[in-house]
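Q: My structure is below; once you've seen it, I'll send some questions.
The values are calculated or read from the model by the stated rules, or taken from the named source; none is laboratory data. Nothing here was measured: the structure is a model prediction, and the numbers come from that model. Cβ placement follows ideal geometry from the backbone for every residue including glycine, while neighbour counts extend to all protein chains displayed. Accessible surface is based on the protein model in full, side chains and every heavy atom, while ligands, DNA and RNA are left aside. Shrake-Rupley method; radii C 1.70, N 1.55, O 1.52, S 1.80 Å.
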Amino acid sequence: MKILAFDTSNTAMSVAVVDGQQLLAEKTVNVRKNHSIQLMPTIDLLLQDAKWTPQMLERIVVAEGPGSYTGLRIAATTAKTLAWTLGIDLVGVSSLQVLAQNAAMLEGQWICPLFDARRGNFYTGLYRINMDGQAVVIEPDTHIALVEWLDYLAHQDKTIYFVGEDAWKIKDTIKKHLADRAYFSKAILQTPDAWQLSQLGACKEVTDIHTFVPQYLKLAEAEANWLARHTLQEGESLVDTY
Amino acid sequence: MKILAIESSCDETSAAVIEDGCRQLSNVVASQIKSHKRFGGVVPEIASRHHVEFITLVIEEALQRAQCTLKEIDAVAVTEGPGLVGALLIGVSAAKAIAYAAGLPLIPVNHIAGHIYAANLNDTLEFPLLALVVSGGHTELVYMKESGSYEIIGETRDDAVGEAYDKIGRVIGVPYPGGKHIDEMAHHGKDRYNFPRAMIKEDHYDFSFSGLKSAFINKVHNAQQRDEVLDSNDLAASFQAAAVDVLIDKTIRAAKEYPVKQVVLAGGVAANSALRNELAKAVEHELPNVRLIVPPLSLTGDNAAMIGAAAYIAYTRGERAELDLNAKPGLSL
């Protein structure tokens, strides 16, 4: 299966062109750059490197979140529109699972990817590397106060590998809660890798293109405030098409 | 030549198919007004989220209604700015993806140019012309010496006129967007409060609406403190008269100074009945050799048909964007 995979959930952009399990071309940029400017030219460049035309693609795999809202929307919109235009499959994969997958060599271990969501909150989840070297969900992705999450992890009788650049930044806090049960391995890649993303997406169920949206895991503030005081009627649409 | 046009600069997700810049084969709009009504104004993050939900749906619908497939499309056009950056990015990302995957040229379009060229869909623009662009985000007098050339000769120094309408609408207590309601109420009221006509005597073509807005709010608050009840319809009529007076006065003066054949009224506030009627009267009385063009109501608000109309001109002038096209929230003409 000919796959184009990309992730622009956070600072890093990773794009890969993959044939089945074989990587043909990949580029990861981990400096703060505008994803809107660099994503499409990179896709174009890598497809040329692979000597493919867009029409040869069979599947688009995109990191669907959580992460930076703007980055998620650029990736999701690009992915769904490419898939729609080419008439091919679209698959969304958790951006946290993509990071957890970087620890694929740690069979049986528990992996905790983290993204800073600001104000003491993090996007995180808990994964285990199964016998096939796949990161599978133990605790689904969530938006949570760091203290609450670390308290939960401290009550699990397991060693946990933390992944992600944001995890390294709060190493000391994590160690305070988990002491010697927290691991930070230099052997694990700390940035998303679109090749790993493509492999997770290759075996995942196809999603509906039109209704595909990022997994923000957090309501817009105004929406949350409104929902605290109102309920949306069933079947009520907030957008009218004419 | 068929252009697939996409617009997502504020709170409408829209796609259209336009033939030769003047024939509208389809124009699909997904309007988020109901959603933003909940908050009394457009919330940018929520607007961006809605755009992702609807972008491919409106594009598909636009092609279906035009009874054509992507194979029959010759170019893709998109609003690159001005507007809300997060909202613009959805249209820009989608347009680039289609242009790339379908191997089509990509045409970047200025949203304001789109509002002006909306008039080309039901009429024919003749140059030189003067355009009064009025909406929730813009108040501009644009002189166009020829097609595709834009000179802003006057603009608001603070609030856009539509923004002022929405803000005083909140004070009067009408739902967002306030403009339509104020317009209706104004018909039942009288211009009794003599609100300021800002900069009307000054010899430039700039506007200011924040003073008018403040005068309005002060009037209402002072009355409340004295337990005095003001007639809402009179308030609406007084506000509208002040706003419309300035817009028309400056437009007519500019049209006399510049050698124009046409005056074009454009943008969301072009739906305002007082502005349409008064401007028509003023042009008839004071500019005998000038024709006024007012777009049909369906094309005054944000829509992709107007982007397609403007894109055709841009296309003939050789304007193209590459795959690194970005949203330009503060883009000027």
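Q: Could you tell me which residue of the stretch A:108-133 is nearest to A:SER198 (Cα to Cα), considering only residues that are open to solvent by 50 Å² or more (accessible area, probe 1.4 Å) and under 19 Å from the mean Cα position of the chain (by Cα)?
A: Residue satisfying both the conditions and the ranking: A:ARG128.
Q: Now for a separate question. Hey, among A:GLU234, A:GLU223, which residue is farther than 21 Å from A:VAL137 by Cα, in a loop (DSSP other than H, G, I, E, B) and not assigned by TED's automatic domain parsing to the domain that holds A:SER9?
A: Working: A:GLU223 fails: in a loop (DSSP other than H, G, I, E, B).
Going through A:GLU234, A:GLU223 in turn, just one is farther than 21 Å from A:VAL137 by Cα, in a loop (DSSP other than H, G, I, E, B) and not assigned by TED's automatic domain parsing to the domain that holds A:SER9: A:GLU234.
Q: Under 6 Å by Cβ, and 6 or more places apart or on different chains, what pairs join a residue from the stretch B:27-56 that is open to solvent by 10 Å² or more (accessible area, probe 1.4 Å) with one that is of a type in the set (Val, Ile, Thr) and at pLDDT 95 or above?
A: B:HIS50/A:VAL239; B:GLU53/A:VAL213; B:PHE54/B:THR13
Q: Can you go through B:ALA66, B:ALA99, B:ALA16, B:ALA87 and tell me which one is crowded, with 22+ Cβ neighbours inside 10 Å, out of contact with any helix residue (DSSP H, G or I) (no Cβ under 8 Å at 6 or more places or on another chain) and within 14 Å of chain A (Cβ to nearest Cβ)? Show your work before the answer.
A: Values: B:ALA66 fails: within 14 Å of chain A (Cβ to nearest Cβ); B:ALA16 fails: out of contact with any helix residue (DSSP H, G or I) (no Cβ under 8 Å at 6 or more places or on another chain); B:ALA87 fails: out of contact with any helix residue (DSSP H, G or I) (no Cβ under 8 Å at 6 or more places or on another chain).
Step by step, each of B:ALA66, B:ALA99, B:ALA16, B:ALA87 is checked, and only B:ALA99 is crowded, with 22+ Cβ neighbours inside 10 Å, out of contact with any helix residue (DSSP H, G or I) (no Cβ under 8 Å at 6 or more places or on another chain) and within 14 Å of chain A (Cβ to nearest Cβ).
Q: Could I ask something else about it? Taking A:ILE74 as the residue in question, decide whether it is open to solvent by less than 50 Å² (accessible area, probe 1.4 Å), out of contact with any strand residue (DSSP E or B) (no Cβ under 8 Å at 6 or more places or on another chain) and of a type outside the set (Ser, Thr, Tyr). Show your work before the answer.
A: Values: open to solvent by less than 50 Å² (accessible area, probe 1.4 Å): yes; out of contact with any strand residue (DSSP E or B) (no Cβ under 8 Å at 6 or more places or on another chain): yes; of a type outside the set (Ser, Thr, Tyr): yes.
Answer is yes for this residue.
Q: Considering only the stretch A:33-48, I want to know if a residue exists there that is surrounded by fewer than 18 Cβ atoms within 10 Å (Cβ to Cβ), closer than 14 Å to A:TRP195 by Cβ and modelled with pLDDT of 95 or more.
A: The answer is no; no qualifying residue exists.
Q: Could you check the stretch B:274-297 and list, in sequence order, the residues that are open to solvent by 30 Å² or more (accessible area, probe 1.4 Å), farther than 20 Å from B:GLU126 by Cα and either among the hydroxyl-bearing types (Ser, Thr, Tyr) or modelled with pLDDT of 95 or more (or both)? Spell out the reasoning first.
A: Let us first name the residues in the stretch B:274-297 that are open to solvent by 30 Å² or more (accessible area, probe 1.4 Å), namely B:276-278, B:280-281, B:284-286, B:288-289, B:291-292, B:294, B:296-297.
Within this subset, residues satisfying the condition of being farther than 20 Å from B:GLU126 by Cα are B:277-278, B:281, B:285, B:297.
Passing the criteria: B:ASN277, B:GLU278, B:LYS281, B:HIS285.
Q: Would you check if A:LYS218 is open to solvent by 70 Å² or more (accessible area, probe 1.4 Å), touching a residue at least 60 places away in the same chain (Cβ under 8 Å), within 12 Å of chain B (Cβ to nearest Cβ) and not aromatic (Phe, Trp, Tyr)?
A: So A:LYS218 passes the test.
Q: Which of the residues that make up the stretch A:68-88 are free of Cβ contacts under 8 Å to residues at least 60 places away in the same chain and either assigned to a helix (DSSP H, G or I) or on the phi > 0 side of the Ramachandran plot (or both)? Even if it seems obvious, please write down each step before you answer.
A: Taking the stretch A:68-88 as the starting set, the residues that turn out to be free of Cβ contacts under 8 Å to residues at least 60 places away in the same chain are A:68, A:70, A:77, A:81, A:85-88.
Within the stretch A:68-88, A:THR70, A:THR77, A:THR81, A:THR85, A:LEU86, A:GLY87 meet the criteria.
Let's see how each residue does on (1) facing chain B (nearest Cβ under 9 Å); (2) β-branched (Val, Ile, Thr); (3) assigned to a helix (DSSP H, G or I); (4) open to solvent by 30 Å² or more (accessible area, probe 1.4 Å):
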residue: A:TRP168; (1), (2), (3), (4): no, no, yes, yes
residue: A:LYS175; (1), (2), (3), (4): no, no, yes, yes
residue: A:LEU189; (1), (2), (3), (4): no, no, no, yes
residue: A:PRO192; (1), (2), (3), (4): no, no, no, no
residue: A:SER198; (1), (2), (3), (4): no, no, yes, no
residue: A:VAL206; (1), (2), (3), (4): no, yes, no, yes
residue: A:VAL213; (1), (2), (3), (4): yes, yes, no, yes
residue: A:ALA228; (1), (2), (3), (4): no, no, yes, yes
residue: A:LEU238; (1), (2), (3), (4): yes, no, no, no
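Q: Can you tell me which residue is farthest from A:CYS203 (Cα to Cα) among those in the stretch A:70-96 that are under 13 Å from the mean Cα position of the chain (by Cα) and facing chain B (nearest Cβ under 7 Å)?
A: Looking only at the stretch A:70-96, we keep the residues that are under 13 Å from the mean Cα position of the chain (by Cα), and these are A:71-73, A:75-76, A:91-96.
Still in the list and also facing chain B (nearest Cβ under 7 Å): A:73, A:76.
Values: A:ARG73: 23, A:ALA76: 19 Å.
If we take residues in the stretch A:70-96 being under 13 Å from the mean Cα position of the chain (by Cα) and facing chain B (nearest Cβ under 7 Å), then A:ARG73 is farthest from A:CYS203 (Cα to Cα).
Q: Right, something else. Condition first: among the aromatic types (Phe, Trp, Tyr), closer than 30 Å to A:LYS80 by Cβ, at pLDDT 95 or above and not assigned by TED's automatic domain parsing to the domain that holds A:ILE60. Can you find one or more residues in the stretch A:141-155 that meet it? Give the steps one after another, and end with the answer.
A: To start, the set of residues in the stretch A:141-155 that are among the aromatic types (Phe, Trp, Tyr) comprises A:149, A:152.
In the following step, the residues that additionally are closer than 30 Å to A:LYS80 by Cβ were identified as none.
No.
Q: Oh, and also: Would you tally the residues in the stretch B:129-150 being closer than 20 Å to B:LEU297 by Cα and either at pLDDT below 95 or β-branched (Val, Ile, Thr) (or both)?
A: Qualifying residue count for the region: 7.
Q: Would you check if there is a residue in the stretch B:321-332 being outside any loop (DSSP other than H, G, I, E, B) and out of contact with any helix residue (DSSP H, G or I) (no Cβ under 9 Å at 6 or more places or on another chain)?
A: First, pick out the residues of the stretch B:321-332 that are outside any loop (DSSP other than H, G, I, E, B): B:321.
Those left that are additionally out of contact with any helix residue (DSSP H, G or I) (no Cβ under 9 Å at 6 or more places or on another chain): none.
The answer is no; no qualifying residue exists.
Q: Mind listing whichever residues of the stretch B:298-333 are within 14 Å of chain A (Cβ to nearest Cβ), out of contact with any strand residue (DSSP E or B) (no Cβ under 7 Å at 6 or more places or on another chain), open to solvent by 10 Å² or more (accessible area, probe 1.4 Å) and of a type in the set (A, V, I, L, M)?
A: Passing the criteria: only B:LEU323.
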